[in-house]
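The values are calculated or read from the model by the stated rules, or taken from the named source; none is laboratory data. Computed from a prediction, not measured in an experiment: that's the story for all the values here. In this analysis, Cβ positions are derived from the backbone assuming ideal geometry, glycine residues included, and neighbour counts consider all displayed protein chains. Surface areas here come from the heavy atoms of the whole protein model, side chains and all, with no ligands, DNA or RNA. Shrake-Rupley method; radii C 1.70, N 1.55, O 1.52, S 1.80 Å.
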Amino acid sequence: MSSAWEVVIGLEVHTQLATSSKIFSGAATAYGAEANTQACLVDLGYPGVLPVLNKEVVRMAAMFGLAVNATVAQRSVFARKNYFYPDLPKGYQISQYELPIVEHGEMNITDEDGNEKRIGITRAHLEEDAGKSVHEGFDGSSGIDLNRAGTPLLEIVSEPDMRSAKEAVAYLRKIHTIVRYLGISDGNMQEGSFRCDANVSVRPRGQQELGTRAELKNLNSFRFIEKAINFEVERQIDLIEDGGEVLQETRLYDSDKDETRSMRSKEEANDYRYFPDPDLLPVEISDEFINAVRETLPELPDAKLERFVRDFNLKPEDASILTSSRALADYYEAVLAAAAAKPQLAANWVIGDLSGALNRDGLDISSSKISAAGLAGLLGRIEDNTISGKIAKQVFEAMWDGAGSADDVIEAKGLQQITDSSAIEAVVDKVIDANPGQVADYKAGKDKLIGFFVGQVMKETQGQANPGQVNKILKDKLG
């Protein structure tokens, strides 16, 4: 991208709230049910039915507001947003407009230069989701699945504070982490419970006035969001530099072609003809309610990261990985609680071997084949010198495959570390006698050959000799 242009990005994040019933009805919200089996008369917009607000969505919205240092409104109002979609049976969506439940929040991200940057959150409001149009399997027509109609959404609207696709993804990941920490959403992007629209514009660098924006609709993967924004930025710059004009419109991203295409002209607020919903009273919540919600907030990612660095002396980058998921952070702390393992050693294993095995097998940390106590047992055998770090990797794989605890595997396979100095000396002598040329080179000043000798000793002992003792004995004998 030419340095003559500045990118301006704002995101609207649609987070499906993890309630068991819908926002205005008692219909279930479970994912994957047979089409049109979880939509009641309220969701279908039948005449004479009345919506009843689900109190749980108010609590969840308040949790989010408090987590991002926002104002939680003690009075908010639901409105009707009028537009026609084939999968919106009523012909309007119940949402919030002038008086949302959350306003004026903020969140810090790390920008591309490694600096902390504040991103403003304009508002977060409650609304109902629409149904879903289904095009596959219908010859020349479409089907409608209304199971999702009425599912509660929290729409989180940022200020236009992001200046690159990478910043937008960093912000989105942070929102994703927070809603999962709070337990208000499962954040499953593949199932559509966490998705976003990106408002993208460009302007000459130094200009204060915003350029005309295009809205990229329904992006549901971090990778596609970055690619879609980057394509759209280049499209707009090329269009302007060629003498054209950016239109305010809604565009879709085609991941197969890696391009955006026009969907419809972008509506303004007055196009939706918002007005207060006459069937729903204003939502009024007390200080006591907000304070009670505040008491239920978990330790949030930024605070947990700071504590991990401070209390466990972890490297910030390691603490950042461990706190990227509440479940991963909980697993790590459970490892430390199960045994007196060194915090950095435990971090290395959770981030390295454990996460690698989870990724390889497509598992979440909650489905780990080795429990936190089990990993703690393995680390304990490293720290008491029963096994070396290299042997521990073999033990880990056996444990992952169901061979039992670390002690079970070590005993069954005879993997105990050799710490008997006389036994190690005998192997060292054998290696020195077998490699007179390398001995001469080492004594002539080629100190790096110590690695060769260590490797030969470890090979002779099948990796079971204590590496520290091997190094010391070799240096003593080689002079």
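A few points about this structure:
- Residue list for region 312-332, filter: open to solvent by less than 50 Å² (accessible area, probe 1.4 Å), outside any loop (DSSP other than H, G, I, E, B) and closer than 28 Å to Gly187 by Cα: Asp318, Ala319, Leu322, Ala327, Leu328, Ala329, Tyr331, Tyr332
- Boolean, Ile290 is open to solvent by less than 60 Å² (accessible area, probe 1.4 Å), more than 24 Å from the chain's Cα centre (by Cα), within 27 Å of Trp5 (Cβ to Cβ) and among the aliphatic types (A, V, I, L, M): no
- Number of residues in region 270-286 that are under 34 Å from the mean Cα position of the chain (by Cα) and open to solvent by 90 Å² or more (accessible area, probe 1.4 Å) equals 1.
- Selected residue (criterion: farthest from Gln464 (Cα to Cα)) from residues of region 417-437 that are of a type in the set (S, T, N, Q) and modelled with pLDDT under 75: Ser422
- Contact map, region 30-45: first residue of a type in the set (D, E, K, R), second residue not in a loop (DSSP other than H, G, I, E, B), Cβ cut-off under 9 Å, separation 6 or more or different chains; pairs are Asp43/Glu128.
- Residue in region 31-50 that is under 25 Å from the mean Cα position of the chain (by Cα) and either within 18 Å of Arg148 (Cβ to Cβ) or open to solvent by 40 Å² or more (accessible area, probe 1.4 Å) (or both) present: yes
- Just one of the numbered conditions (1) in a strand (DSSP E or B); (2) touching a helix residue (DSSP H, G or I) at 6+ places or on another chain (Cβ under 6 Å) is not true of Met263: (2).
- Residues in region 213-235 that are over 13 Å from Glu259 (Cβ atoms), modelled with pLDDT of 90 or more and either of a type outside the set (A, V, I, L, M, F, W, C) or loosely packed, with under 14 Cβ neighbours inside 10 Å (or both): 4 in all.
- Hits in region 186-205 (condition: open to solvent by less than 30 Å² (accessible area, probe 1.4 Å) and over 12 Å from the mean Cα position of the chain (by Cα)): Gly192, Ser193, Arg195, Cys196, Asp197, Ala198, Asn199, Val200, Ser201, Val202, Arg203
- Residue match in region 345-355 (condition: part of a helix (DSSP H, G or I), under 21 Å from Asn471 (Cβ atoms) and open to solvent by less than 50 Å² (accessible area, probe 1.4 Å)): yes
- Any hit, region 150-160, residues being touching a Gly at 6+ places or on another chain (Cβ under 8 Å), modelled with pLDDT under 95, surrounded by fewer than 23 Cβ atoms within 10 Å (Cβ to Cβ) and of a type outside the set (S, T, N, Q): no
- Scanning region 123-178 for residues that are farther than 29 Å from Pro86 by Cβ, outside any loop (DSSP other than H, G, I, E, B) and either free of Cβ contacts under 8 Å to residues at least 40 places away in the same chain or not hydroxyl-bearing (Ser, Thr, Tyr) (or both) yields Met162, Ala165, Lys166, Glu167, Ala168, Val169, Ala170, Arg173, Lys174, Ile175, His176, Ile178.
- Residues (more than 44 Å from the chain's Cα centre (by Cα) and in contact (Cβ under 8 Å) with a residue 24 or more places away in the chain) located in region 380-422: Ser421
- Residue within region 71-82 that is farther than 22 Å from Pro301 by Cβ and aromatic (Phe, Trp, Tyr) present: yes
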